[in-house]
1. Restricting to segment 299-309, count the residues that are closer than 13 Å to Gly276 by Cβ and open to solvent by 10 Å² or more (accessible area, probe 1.4 Å).
2. Taking the conditions exactly as written (touching a residue at least 40 places away in the same chain (Cβ under 8 Å) and over 29 Å from Arg57 (Cβ atoms)), does Asp338 satisfy them or not?
3. Give the residue, chosen from Arg445, Arg483, that is open to solvent by 10 Å² or more (accessible area, probe 1.4 Å), among the basic types (Lys, Arg), in contact with a strand residue (DSSP E or B) (Cβ under 9 Å, 6 or more places away or on another chain) and farther than 19 Å from Tyr173 by Cβ.
4. In segment 44-59, how many residues are in contact (Cβ under 8 Å) with a residue 12 or more places away in the chain and either buried (at least 18 other Cβ atoms within 10 Å of the Cβ) or of a type in the set (Asp, Glu) (or both)?
5. When the residues of segment 214-246 are filtered to those that are of a type in the set (D, E, K, R) and part of a helix (DSSP H, G or I), which remaining residue is surrounded by the most Cβ atoms within 10 Å (Cβ to Cβ)?
6. Do you know which of the residues in segment 1-40 that are aliphatic (A, V, I, L, M) and part of a loop (DSSP other than H, G, I, E, B) is most open to solvent (accessible area, probe 1.4 Å)?
7. Got at least one residue in segment 404-415 being surrounded by 13 or more Cβ atoms within 10 Å (Cβ to Cβ), under 30 Å from Arg262 (Cβ atoms) and touching a residue at least 12 places away in the same chain (Cβ under 8 Å)?
8. How do the strands (runs of 3 or more DSSP E) wholly within segment 60-134 filter down when requiring 2 or more residues that are open to solvent by 20 Å² or more (accessible area, probe 1.4 Å): which remain?
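The values are calculated or read from the model by the stated rules, or taken from the named source; none is laboratory data. This is a predicted model, so every value here is computed, not measured. A quick note on method: Cβ atoms are made from the backbone with ideal geometry, for glycine too, and the neighbour counts reach across all protein chains shown. Accessible surface is based on the protein model in full, side chains and every heavy atom, while ligands, DNA and RNA are left aside. Shrake-Rupley method; radii C 1.70, N 1.55, O 1.52, S 1.80 Å.
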Amino acid sequence: MTDQPEFDPRQCPVIIGAGELADRPENLADALDPAGLMVAALRLAERDADCENLLARLDRLDIINEISWPYPDPEAELRRRLGQSELQTRYWPVGGQTPITALHEAALDIQAGRARIIAVCGGEAEDSVRRARKSQAALNWPERDEGFRPVRGGDYQGRVAKTLGLTSPVNVYPLYENASRAAWRQNFDTAQQESARIWSRNSHIAAARDAAWLKSAVDPETILSGDGGNRLIAWPYRKLMVANPIVNQGAAFIVTSLTMARELGICEDRMIFIHGGTAADEPRDILARQDYSFSRAMEGVLGQSAKLAGDKFAVELYSCFPCVPKMARRVLGLSDHDALSVTGGLTFFGAPLNNFMGHAVVAMVHHLRRQSGWGLLYGQGEYVTKHHAVMLGTKKPERALPQHYRMRDLEKDIERAAPRLDQSHRGLARLETYTVVFDRNEDVRQGIAIARAPDGSRVAARVEADDACTLEKLMSEVDLVGRQGEIGIGADELPHWCFI
């Protein structure tokens, strides 16, 4: 049985409507809840398609996992808001890549005739929730599930990673930043300037977009400065280099077939075609990775997806932390002077938790309508873990989408390539990567060092906050990856790192 279905151009999946919004109420009584944001975005997508009663014709509504106001039954809540009690719904799991996966799955279902019209929506209202909590104000929203507990890194990280605090994105991504800088033979200033240029360009892109959360464009010097509350989060990242989830934003898009789009009277120059893509995962445990200077899953997904374009293409490279688009642009052969986002990035446009890439779909659709061609959307979930990319285009596809898009063989190879973790090792070790974690007052909480023993095994160690000598070296501008050090045992009976 072939993975490539027989090509029927009439069933080519197309995006026909895309809408988004940001909600900035002066009075919390006027604040939209997440479901309200989703419905508003769906209405905007319907209006964008210029097709009356389009939502009433949906075969399925896909809902991106929502966290800021957990409803007891989010699918029922959306059906009630839309007045469509019999509408088939699908609620997606947690993951920054899920809007791209939802788009890809919707395209496959449309192509196979399992559905005629599918909408995907997501929304978060974390800013309003926090404002209400701070002011002790009541939000006149539907009942929330008070027993809800969101998925956290500690739910799937191994015991050692949890012990070291490697359960939060801000503590993990710097491991990739520091390792990749050494692998690319960049000095500290050069690497930081690259991050700052990319983030500054994102800020200018976001400033021009109506639904962006931060509307002020900033220069690279501001990104790197410690002024204005731009505190260190985890070395070498500052606040303006990390994703900003404190937003109220919603996004939605609508997918159908070429035949149905024509029946609905959609103008062909507004249709955006889905040409395919790929997905692959790294091992979930951060200490079970092959390396921290690259991701083979990222390389495979971007490499395969890029082949679908006929020539150069616009990109949205997931930008929760600078190391991600820096690694991705190198896979694609792009310059850091190129625009690596059409949306504005997760710091400046905003990071509505799992739904940033839903906004990226909206942004890319509108970009391709203005400038015909190709657009690559690359989403990522967890900690450089889940990777999914799709290629969009204004040109009609010449072949069907493969039924299976996950790179299973690559995933198996990646799992086999991870070094053995040996927490019993004591003695000499070579530094593989590291970070230093700060509290809100910019005081050091601890250092984290990942090292390799002489036999190639990996050991993860702590640096105590009072070890000023080691911490000073870790925060120096000298290339430290590959340096020899020593693994000892601390008062907490855990491996501890120091330089020799």
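1. Of the residues in that region, 5 qualify.
2. No; evaluated as a whole, the condition is false for this residue.
3. Criteria check complete, one pass: Arg483.
4. Total satisfying the criteria: 11.
5. Applying the first criterion (of a type in the set (D, E, K, R)) to segment 214-246 yields 215, 219, 221, 227, 231, 238-239.
Retained after the next criterion (residues that are part of a helix (DSSP H, G or I)): 221, 239.
Details: Glu221: 11, Lys239: 16.
Filtering segment 214-246 for residues that are of a type in the set (D, E, K, R) and part of a helix (DSSP H, G or I), the one surrounded by the most Cβ atoms within 10 Å (Cβ to Cβ) comes out as Lys239.
6. That would be Met1.
7. yes
8. 88-91
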